[in-house]
Amino acid sequence: MTFDELQALVELHCASLLDLPGEVYFGSLDALSDSNGFAVIGLNPGGSDLPSIRENLARYRQSAKRRFSGYLDVCWHEPFFSHYQTCGPCSASLAANGKVRQQRHQKTVELIANELEVDLRETLALNAIWLQTPSAAALKSFLANHHLPKMDQLFQQQFFPAIDTLLSRCATRFVLCLGNGASESAFSFFRAALGVPLDKIVSVSDDYRDGRYFAHEAEGFRRVYFGIAHPSMHSIGPAGLARIRTLWRELNPPA
Ligand SMILES: [Zn+2]
């Protein structure tokens, strides 16, 4: 998929949201056009003061890179993140180490990617809900204040159609959801939108917290959705890492 095609999807399905603050996509052009089959999907962009989704799309277009990852290359420190700037320590780290001074959330995702030998700069990276709020609790009141449907409904009506098309077009085999709560998590939103019954969810108990997943098949194509506890909620060891590795290997048998 090209970025133009992604933008057209956003304009088609999220037309009423384009002037609200937010961020759509923070992966690379390579991940869109020549995907590695892996996607990382959080709940929504944190922080405050981002410009509108419309401006976010225009900025992405201007600066789009073939190899890039919001988990490695973008300063998430505020107010820099919301101003599309890089703080001093992150600039220094980029020069010295080839990646920003990551927050725990970013480090967790990088750790998982390294375990799976997945290149984050070739990986789809986005959120389930593109509207920015400082927290999930604030997202609830943001939606109410803007007379928008509740999170799960809004996801199903506006974000899911665009994201589902994106995942299909990029032949995504594995979706890593950051957050797996029974409600208000990327994982639960996908489960509900895809109509997957609760008894199809496999719970993982290894030495990590609360991983869970389901597989969904459409038109003969199988995709696994794996939810880990939100990276900001636990130590850097991600939930269910051993199972994630097994599932990813099953989806990518050696040639
Ligand atoms: Zn920074």
Legend entry - Qualifying residue in segment 119-126 (condition: surrounded by fewer than 18 Cβ atoms within 10 Å (Cβ to Cβ) and free of Cβ contacts under 8 Å to residues at least 12 places away in the same chain): no
Legend entry - Unmet criterion (only one of (1) out of contact with any helix residue (DSSP H, G or I) (no Cβ under 7 Å at 6 or more places or on another chain); (2) of a type outside the set (Gly, Ala, Ser); (3) part of a loop (DSSP other than H, G, I, E, B); (4) within 15 Å of the ligand (Cβ to nearest atom)) for Val118: (4)
Inset, instruction - Scan segment 185-205 residue by residue and report those that are outside any loop (DSSP other than H, G, I, E, B), among the polar types (S, T, N, Q) and crowded, with 16+ Cβ neighbours inside 10 Å. - result: Ser188
Inset, instruction - Just one of (1) surrounded by 17 or more Cβ atoms within 10 Å (Cβ to Cβ); (2) away from the ligand (no atom under 15 Å from the Cβ); (3) of a type in the set (A, V, I, L, M); (4) over 25 Å from Met1 (Cα atoms) trips up Leu111, so point out which. - result: (1)
Inset, instruction - Considering only segment 208-255, state which residues are among the β-branched types (Val, Ile, Thr) and either in contact with a Ser or Thr (Cβ under 6 Å, 6 or more places away or on another chain) or modelled with pLDDT under 70 (or both). - result: Ile236
Legend entry - Residue within segment 31-38 that is in a loop (DSSP other than H, G, I, E, B) and within 16 Å of the ligand (Cβ to nearest atom) present: no
Inset, instruction - Have a look at Ala182, Ala137, Ala125 and point out the one that is assigned to a strand (DSSP E or B) and either over 16 Å from Arg212 (Cβ atoms) or modelled with pLDDT under 95 (or both). - result: Ala125
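Residue-wise test of (1) farther than 20 Å from Lys99 by Cβ; (2) touching an Asp or Glu at 6+ places or on another chain (Cβ under 7 Å).
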{"site": "Ala15", "(1), (2)": "yes, no"}
{"site": "Val40", "(1), (2)": "no, no"}
{"site": "Gly46", "(1), (2)": "no, no"}
{"site": "Ser52", "(1), (2)": "yes, yes"}
{"site": "Glu55", "(1), (2)": "yes, no"}
{"site": "Ala58", "(1), (2)": "yes, no"}
{"site": "Asp73", "(1), (2)": "no, no"}
Legend entry - Odd one out for Leu148, checked against (1) within 29 Å of Arg104 (Cβ to Cβ); (2) touching a helix residue (DSSP H, G or I) at 6+ places or on another chain (Cβ under 6 Å); (3) part of a loop (DSSP other than H, G, I, E, B): (1)
Inset, instruction - Give segment 57-96 a look and list any residue that's touching a residue at least 40 places away in the same chain (Cβ under 8 Å), part of a helix (DSSP H, G or I) and more than 15 Å from the ligand (Cβ to nearest atom), or say none. - result: Leu57, Tyr60, Arg61
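The values are calculated or read from the model by the stated rules, or taken from the named source; none is laboratory data. All of these numbers come straight from a predicted model, not from anything done at the bench. Reconstructed Cβ throughout: ideal geometry from the backbone, glycine too, with neighbour counts over all protein chains shown.
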